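**Student:** First the structure, which I've put down as structure tokens, then a few questions once you've had a look.
The values are calculated or read from the model by the stated rules, or taken from the named source; none is laboratory data. What you are looking at is a predicted structure, and each value in this text was computed from that prediction instead of being measured. Glycine also receives a Cβ, built like all others from the backbone with ideal geometry; neighbour counts cover every protein chain displayed. To get the accessible areas, we keep the full protein, side chains included, count just its heavy atoms, and leave off ligands, DNA and RNA. Shrake-Rupley method; radii C 1.70, N 1.55, O 1.52, S 1.80 Å.
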Amino acid sequence: SFEEKHKRAINLMQQNLKDIANKNKPLIPHLLRVGKYLYNNNYSETIVNAGLLHDLIEWTDNPEEIIKNDFGEEVYNIVLANTKNRDIENIVERQKDYVNRCARVGKDALIVKSADTLDSYHYYFEVKKDKGMERSRIIARLILEKVDSNSDPIFKELERIIKNK
């Protein structure tokens, strides 16, 4: 059921991210906010669970098989598309890479990347980190190059953060 998968996603996150902190923002609250945003905006179970797990591959030791087995190939593909390739040293090229991978996986992966970007922007706005806000705007522009902004309300929200300077 949805509730069981939701609990498993949160448990997986808590078990694997105990002491890991993204240097830019607290990771577990970020993942929970992304999942909550997607849930509150009536996205599918697949999108909500992918949102909860979107940083797990990036910040843990290879939970790929757990994600595939517990949440399915579709969630796994969305999470994988949203995972930064740290082998790409140039930050702009890295951003283009994961947005392009999200576009290849499809609209659901771009929705998760959009929710991730919106949450990051709002977090950086609250803690007054201009570099973080600008990075979020850059990613928003890259996403908007791949979609019709009228195809989902989340893309309109990306347009608003770009204009909010």
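**Student:** For the chain, with only Lys/Arg (+1) and Asp/Glu (-1) charged at the beta-carbon, what is the dipole magnitude about the Cα centre, in debye rounded to 20?
**Tutor:** 740
**Student:** Which value in nm describes the separation of the simple spin-label points at ASN40 and GLU73, placed 7 Å from the Cα toward the beta carbon?
**Tutor:** 3.5
**Student:** Pulled fully out, how much extra length does the chain show between LYS7 and GLU65, if you take 0.36 nm times their separation in residues and subtract their Cα-Cα distance? Walk me through the intermediate numbers first.
**Tutor:** On the way: separation 58, 0.36 × 58 = 20.88 nm, distance 1.77 nm.
Working it through step by step, the gained length comes to 19.1 nm.
**Student:** Mind listing the phi-derived Karplus ³J(HN,Hα) values for segment 39-53, rounded to whole Hz, using 6.51, -1.76 and 1.60 with θ = phi - 60°, and x for any glycine or proline?
**Tutor:** Rounded to whole hertz, the list is 5, 5, 9, 6, 7, 5, 4, 4, 5, 4, 5, 5, x, 5, 9.
**Student:** While we're looking at this one, here's another question. How much of the accessible area of the chain, in percent, comes from carbon and sulfur atoms when a 1.4 Å probe is used? Mind showing how you got there, number by number?
**Tutor:** Values: 4070 of 8680 Å².
Carbon and sulfur together cover 47 percent of it.
**Student:** Let me ask another. Once the whole set of protein chains is in place, how much accessible area is left on VAL112, using a 1.4 Å probe, in Å² to the nearest 10?
**Tutor:** Approximately 0 Å² for this residue.
**Student:** Let a ≥ b ≥ c be the square roots of the eigenvalues of the Cα gyration tensor of segment 87-139; is it rounded (a/c under 1.5), or, if not, prolate (a/b larger than b/c) or oblate?
**Tutor:** Numbers: a/c = 3.41, a/b = 1.40, b/c = 2.44.
Oblate is the answer for segment 87-139, as a/c is 1.5 or above yet b/c matches or exceeds a/b.
**Student:** Which shape class applies to segment 21-118: rounded if a/c is under 1.5, otherwise prolate when a/b exceeds b/c and oblate if not, where a ≥ b ≥ c are the square roots of the Cα gyration tensor eigenvalues? List each step's numbers first, then the result.
**Tutor:** On the way: a/c = 1.29, a/b = 1.24, b/c = 1.04.
Rounded.
**Student:** Going by a ≥ b ≥ c, the root eigenvalues of the Cα gyration tensor, does segment 115-165 fall in the rounded group (a/c under 1.5), the prolate group (a/b larger than b/c) or the oblate group?
**Tutor:** Working: a/c = 2.30, a/b = 1.96, b/c = 1.17.
It comes out prolate by the Cα gyration axes.
**Student:** Same structure, new question: For the chain, what's the relative contact order in percent, using C-alpha pairs closer than 8 Å and at least 6 residues apart?
**Tutor:** On the way: 184 pairs, mean separation 28.8, N = 165.
Value for the chain: 17 percent.
**Student:** Something else: Report, largest value first, the span of the C-alpha coordinates of the chain along each principal axis, in whole Å.
**Tutor:** Principal extents (Cα only, largest first): 40, 33, 29 Å.
**Student:** Taking just the alpha-carbon atoms of segment 69-165, what radius of gyration and Dmax come out, in angstrom?
**Tutor:** When restricted to the Cα atoms of segment 69-165, Rg and Dmax are 13.3, 43 Å.
**Student:** Within a Cβ distance under 15 Å of TYR76, other residues only, what is the Lys/Arg minus Asp/Glu net charge?
**Tutor:** Net of charged neighbours comes to -4.
**Student:** Hey, another quick one. Let's test this: bin the Cα-Cα distances of segment 40-97 at 10 Å from zero up to the farthest pair and state each bin's percent.
**Tutor:** Reading upward from the zero bin: 24, 47, 26, 4.
**Student:** Hey, with R₀ at 22 Å, roughly what FRET efficiency would GLU89 and GLU159 work out to, going by the Cβ-Cβ distance, to 0.05?
**Tutor:** The calculated FRET efficiency here is 0.15.
**Student:** In square angstrom, what is the accessible area per residue of segment 33-165 with a 1.4 angstrom probe?
**Tutor:** Accessible area per residue, segment 33-165: 50 Å².
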